[in-house]
Amino acid sequence: MAPRYYWKGYLKLSLVTCPVAMTPATSESEKVRFHTINRQTGNRVVSQYIDSVTGKPVKDQNEAKGYARGENDYIILTDDELDRVALDTVKTIDIEKFVPADSIDWVYLEKPHYLMPDDPVGNEAFAVIRDAMRSDEVVGVSKLVIGRRERAVILEPRDEGIVLWSLRFGDEVRPEESYFEDIHDEADPDLVPLVQQLIKKKTSHWSPDMASDPIQASLLKLIAEKKKLLKPKKTAKGKKDDARAPSNVVNIMDALKKSLASELNGKKAS
């Protein structure tokens with residue numbers, strides 16, 4: 001089954017560009033989810049937008065985003081107006097700088113995505129950027145619009161692909177000093193070796209099983225038992241998304257030479 005991509009666009013480093021596709025590295029599709037059901041009829045309960053004044057349902061075509069400028073006073077923005085202010089980072093991941101791979105505090109990492117070439121012609125450009133970052137032990141820093149907000153992202157080489165991590169905004173991360181300042185600096189030196197022995201006995205290789213959810217497993221078992229008593233209902237199959245991003249690949253060797261020449265000329269001029 002071909003993967004369904006969350007985003008398609010371009011990966012750009014100076015004059016080197018290649019089409020790429022991105023998909024979330026994590027999934028909640030296996031998570032047990034419940035719908036609200038009318039116990040008397042067995043039908044699903046649906047939600048809808050209701051006008052807070054008239055109490056009447058609002059049709060989809062009449063829904064719009066509103067920015068509150070006062071009580072019951074809103075500036076209305078349509079989807080078309082919001083799309084017109086979109087930045088270049090909606091479709092392009094332009095690597096602006098590189099930082100040591102171990103210099104980013106894990107608390108800033110928000111959500112991982114798998115990034116891969118979206119056209120065979122762009123494989124070489126993608127591979128060169130990936131392998132160069134791996135050799136220098138750096139990650140790329142860029143920006144990307146996700147959910148109508150421009151997020152800082154980092155690009156980390158991983159096997160044959162790249163993992164793109166969205167980062168939390170700086171004001172979202174609370175300073176650790178506010179919470180750790182009252183903790184004693186040093187532990188009892190006689191107790192540390194005892195804890196080290198416990199750590200050694202409990203140390204093993206990481207396994208995804210360590211992050212399993214026993215409640216999820218119990219729910220699935222309960223649902224399976226109830227499912228045996230019911231006849232399954234047929235569901236409509238979703239349509240596949242075959243849309244592809246246009247190709248915009250330049251010769252990688254020429255692009256790299258031009259990029260380096262541009263950088264050198266810039267330094268001489270300064």
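The values are calculated or read from the model by the stated rules, or taken from the named source; none is laboratory data. From a predicted model like this one, the values you see are computed outputs, not experimental measurements. Don't worry about glycine lacking a Cβ; one is built from the backbone with ideal geometry, like all the others, and counts go over all protein chains shown. These accessible areas exclude ligands, DNA and RNA; they are computed on the full protein's heavy atoms, side chains included. Shrake-Rupley method; radii C 1.70, N 1.55, O 1.52, S 1.80 Å.
Once you place label points 7 Å from the Cα toward the Cβ at residue 207 and residue 134, how far apart are they in nm?
So the label points at residue 207 and residue 134 sit 2.8 nm apart.
Excluding ligands and nucleic acids, what accessible area in Å² is computed for residue 75 using a 1.4 Å probe, to the nearest 10?
Roll a 1.4 Å probe over it and residue 75 shows about 70 Å².
So what does residue 79 come to for accessible area, using a 1.4 Å probe and Å² rounded to 10?
Surface open to solvent at residue 79 totals about 80 Å².
Once you've got the GNM for the chain with C-alpha springs shorter than 10 Å, pick whichever of 200, 227, 143 has the biggest mean-square fluctuation.
Most flexible of the set in this elastic network: 200.
Just report the Cα centroid separation between segment 203-218 and segment 87-140, whole Å.
30
Stretched out fully, how many nm does the piece from residue 72 to residue 41 gain, at 0.36 nm a residue minus the Cα gap?
7.4 nm
Once you've got the GNM for the chain with C-alpha springs shorter than 10 Å, pick whichever of 21, 217, 68 has the biggest mean-square fluctuation.
Largest GNM mean-square fluctuation: 68.
Out of the total accessible area of segment 90-231 (probe 1.4 Å, heavy atoms of protein only), what percent is carbon and sulfur?
Here it works out to 56 percent.
When ligands, DNA and RNA are left out and all protein chains stay put, how many square angstrom of accessible area per residue does segment 97-227 have with a 1.4 Å probe?
76
Over the Cα atoms of the chain, each weighted equally, I'd like the Debye log10 I(q)/I(0) at q = 0.07, 0.09, 0.10, 0.12 Å⁻¹, rounded to two decimals.
Rounded to two decimals, the profile gives -0.47, -0.75, -0.90, -1.13.
Sorted by accessible area (1.4 Å probe), largest first, how do 178, 52 line up?
52, 178
What is the ratio of the Cα radius of gyration of segment 42-187 to 2.2 N^0.38 Å, where N is its residue count, to two decimals?
My calculation over the Cα atoms of segment 42-187 gives 1.52.
Which of 31/227; 111/201; 200/221; 12/65 have a Cα-Cα distance over 26 Å?
Result: 111/201; 200/221; 12/65 exceed 26 Å.
Can you give the accessible area per residue of segment 1-75, in Å², using a 1.4 Å probe?
On a per-residue basis, 85 Å².
How large is the helix-only mean residue ellipticity at 222 nm for the chain, computed as the sum of -39500 (n - 2.57) over DSSP H runs with n ≥ 4, divided by its residue count, in deg cm²/dmol to the nearest 500?
Using -39500 (n - 2.57) per qualifying helix, the result is -7500 deg cm²/dmol.
How much accessible area does residue 149 have with a 1.4 Å probe, in Å² rounded to the nearest 10?
Surface open to solvent at residue 149 totals about 130 Å².
Students sometimes get this wrong: rank 121, 45, 138 by accessible area, probe 1.4 Å, all chains present, largest first.
Ranking 121, 45, 138 by accessible area, largest first, yields 121, 45, 138.
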